[in-house]
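J.: Quick one: the structure is below, questions incoming.
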Amino acid sequence: MLACHGGRSAQKVASERLGLARQPVASGRGCGLMTRLRLKSALFTDGQIELEISDLPATIGRSPRSDIVIHDLQMSRVHAEFRLNARGEIELVDRDSTNLTIVNQQEVRTCVLKTGDQILLGETELLVELDASAAAIHEQTTREIPVIEPLADGGGVADVTSG
């Protein structure tokens, strides 16, 4: 479990809790990026916690059974779950909470998260940031850009594409 006042990383806590080191899963919208979920709140010791894809699924609630424990009496014991969907997107799923799961001022049962989303669980507000890891960005394929060379007479440019 990761209490809001804990000092260990969410990834380390999840691995210890499960008793194993899970392998990363490809993520991103079809581009094979590894994504990191950052939840920001004044409740957290460092102002935020980070979850890697390998930490998912991860539950959040006030019970010690939750992976992320927040001491908020308006939050259900296991209020919601962060998980990876079939498209490799991180989503938030309500776990039949008493006081609802709210994202961007809308009640949700399931919601694909994006940077800038505001989550309200009980009285706890969380701000979402999604980051691709530097290694994943390095591995990302870019489209080929045509080479443009000047014409021999200096009167313009010719489009030379490799084929």
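J.: So what's the net charge close to L37: Lys and Arg +1, Asp and Glu -1, counting the other residues with Cβ under 10 Å from its Cβ? Intermediate results must be reported in sequence, preceding the final value.
T.: Working: positive: R36, R38; negative: E50, E52, D55, E129, D131.
It works out to a net charge of -3.
J.: Between rounded, prolate and oblate, where does segment 41-131 land on the alpha carbon gyration tensor, with a ≥ b ≥ c its root eigenvalues, rounded for a/c under 1.5, else prolate if a/b exceeds b/c?
T.: Working: a/c = 1.30, a/b = 1.19, b/c = 1.09.
Cα axes put segment 41-131 in the rounded bin.
J.: Could you work out how much longer the chain between L100 and R65 gets when fully extended? Use 0.36 nm per residue separation minus the Cα distance between them, nm to one decimal.
T.: Values: separation 35, 0.36 × 35 = 12.60 nm, distance 1.91 nm.
Taking 0.36 nm per residue and subtracting the Cα distance, the gain is 10.7 nm.
Just so you know, all these numbers are worked out from the coordinates, no wet-lab data involved. Note that the coordinates shown come from a computational prediction; the quantities given were computed from them, not determined experimentally. Because the Cβ atoms are built from the backbone with ideal geometry, glycine has one as well, and the counts that use them run over all protein chains shown.
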